[in-house]
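Heads up: the structure comes next, in structure tokens.
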Amino acid sequence: MDWAADSPLDTIAAQARAYPPLPVEQVADLLRRVDGAGGTAAAATLVRHHLSVALDAALERRDQGLDVGDLYQEGSIAVVTAVDEYAQRHGDPAGLRAYVGRVVALHLDAALAREASERAAGEAFVRDAQRYELVEVELRHQLGRAATPTELAAALEWSVEHVEAVGEMLAEARALNDESLLPYLDDSEDGGDGDDE
């Protein structure tokens with residue numbers, strides 16, 4: 001592996017690999033104990049010994065939109081859920097690792113799908129915002145005044161609701177941008193040319 005020494009990923013890998021797969025007899029004993037006294041400790045042991053499943057699944061999905069560390073965190077949560085569900089169902093000890101692998105894979109694939117969907121929605125908003133601003137300026141020049149949402153909707157071939165939604169988000173973004181520029185504007189007004197001498 002080509003990571004820098006002592007990187008966060010090295011630390012995660014070392015922790016996950018420190019707990020190798022357990023013998024089936026030990027898995028069976030721990031699964032039996034999950035529902036009884038010492039159940040929390042038994043479940044924690046099973047989880048620790050299945051964290052390498054989460055790491056492997058995260059590494060398989062690197063460069064797909066989420067950082068490996070984030071994927072590993074998501075996978076670790078899935079391991080906890082899978083172990084708990086499997087113990088509640090009294091599953092066959094020999095099948096626990098495969099079950100954990102399936103649950104982790106589903107969980108990570110869902111996380112990647114959510115990330116891709118959010119990214120696509122963000123990109124779509126940027127495109128819509130750019131188009132909105134261009135048409136808004138063109139109509140202001142043509143009409144000699146600000147266009148109404150209905151006029152913008154007709155020019156953009158959007159619904160009025162979509163025009164209003166994009167307009168509101170743009171107004172919020174502009175307000176936030178203006179607020180972030182205020183300290184710089186105040187400095188330029190107070191300092192003139194910026195030379196104190």
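The values are calculated or read from the model by the stated rules, or taken from the named source; none is laboratory data. All of these numbers come straight from a predicted model, not from anything done at the bench. Methodologically, a virtual Cβ is constructed for each residue, glycine included, from the backbone with ideal geometry; neighbour enumeration extends over all protein chains shown.
Observations on the model:
- Search result, residues across the range 23-70 that are of a type in the set (A, V, I, L, M, F, W, C) and within 13 Å of Ala13 (Cα to Cα): Leu51, Val53, Ala54, Leu55, Ala57, Ala58, Leu59, Val68
- Check on Arg33, assigned to a helix (DSSP H, G or I) and surrounded by 14 or more Cβ atoms within 10 Å (Cβ to Cβ): yes
- Close pairs from the range 143-156: first assigned by TED's automatic domain parsing to the domain that holds Arg131, partner in a loop (DSSP other than H, G, I, E, B) and surrounded by fewer than 18 Cβ atoms within 10 Å (Cβ to Cβ), Cβ under 8 Å, at least 6 apart: Ala153/Ser159
- Residue in the range 37-50 that is crowded, with 20+ Cβ neighbours inside 10 Å and under 19 Å from the mean Cα position of the chain (by Cα) present: no
- Exactly one residue out of Ala98, Ala105 is assigned to a helix (DSSP H, G or I), exposed (fewer than 13 other Cβ atoms within 10 Å of the Cβ) and in the same structural domain as Leu55 (by TED's automatic domain parsing), and it is Ala98.
- Count of the range 108-129 residues, restricted to those that are over 12 Å from the mean Cα position of the chain (by Cα) and of a type in the set (Gly, Ala, Ser), is 5.
- Any pair with Cβ under 9 angstrom, 6 or more apart, that starts in the range 73-85 at a residue that is under 18 Å from Leu31 (Cα atoms) and ends at one that is modelled with pLDDT of 95 or more and not in a helix (DSSP H, G or I): Val79/His50; Ala82/His50; Val83/His50
- Qualifying positions in the range 110-129 - acidic (Asp, Glu) and either touching a residue at least 40 places away in the same chain (Cβ under 8 Å) or in contact with a Pro (Cβ under 7 Å, 6 or more places away or on another chain) (or both): Glu115
- Among the residues listed as Tyr86, Tyr132, the single one being more than 27 Å from the chain's Cα centre (by Cα) and either modelled with pLDDT of 95 or more or not β-branched (Val, Ile, Thr) (or both): Tyr132
- Sole exception among (1) outside any loop (DSSP other than H, G, I, E, B); (2) over 24 Å from Ala111 (Cβ atoms) for Leu22, by number: (1)
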